[in-house]
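S.K.: Have a look at the structure that comes next, please.
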Amino acid sequence: MEYILKGSPECVKSELELFHLLPTQTAMENGKWIEFHPLSNVFDGGPVEFHISGSGDEYLDLSQTQLYVQAKILKADGSPILKEITTGDNASPETKIGPVNLFLHSLLSQVDVSLNDRLVSN
């Protein structure tokens, strides 16, 4: 507790405040989700770019930004993987497929965020 500013009141994290009525947030009147699409078609190994223009009347909360990805796992030649389920004496094992853990993280090698044409993270 060495970084307490003089005159700063103590507070409790809202997650720990179980038995008291919490204050109501009145700073924001409403919110909305807006869908943005990439600027160009998405190809293997190519960059995926979005341009999100803002206005002075709205606030963009980057911590609430979501990326929706629809993916399909294919064979190396691009053909679909068919699930094989056979029974009997000459049964071949079932083909088991699935993505790796943290699938989205494995798809992206680099993420750059620019605000007003200025790189703020990479």
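S.K.: How big is D for the chain, in µm² s⁻¹ as a whole number, if Stokes-Einstein is applied with the Kirkwood radius of its Cα pairs at 4 °C and 1.567 mPa s?
M.R.: On the way: Rh = 21.2 Å.
Result for D is 61 µm²/s.
S.K.: Spelling out what I want: for every residue of the stretch 26-34, take phi, set θ = phi - 60°, compute 6.51 cos²θ - 1.76 cosθ + 1.60 (Karplus), and round to whole Hz; glycine and proline get x.
M.R.: Working through the residues one at a time gives 10, 6, 9, 7, 7, x, 8, 9, 10 Hz.
S.K.: So for the chain, taking the charge dipole from beta-carbon charges (+1 Lys/Arg, -1 Asp/Glu), which of LEU18, LEU82, PRO38 sits furthest toward the positive end?
M.R.: The one lying farthest along the dipole's positive direction is LEU82.
S.K.: How long is the gain from VAL48 to LYS72 if the chain were fully straight, where each residue apart is worth 0.36 nm and the alpha carbon distance is subtracted?
M.R.: Working: separation 24, 0.36 × 24 = 8.64 nm, distance 1.74 nm.
Taking VAL48 through LYS72 to full extension adds about 6.9 nm, to one decimal.
S.K.: While we're here: State to the nearest 20 debye the size of the charge dipole of the chain about its Cα centre, where the only charges are +1 on K and R beta carbons and -1 on D and E beta carbons. Could you put the intermediate results ahead of the total?
M.R.: Working: 8 positive and 17 negative charges, 44 e Å.
Dipole of the chain, to the nearest 20 debye: 220 debye.
FYI, it's all coordinate maths here, none of it is from the lab. Worth saying up front: this structure is predicted, and the values here are computed from it rather than measured. When we count neighbours, we look across all protein chains shown, and the Cβ atoms used for this are built from the backbone with ideal geometry, even at glycine.
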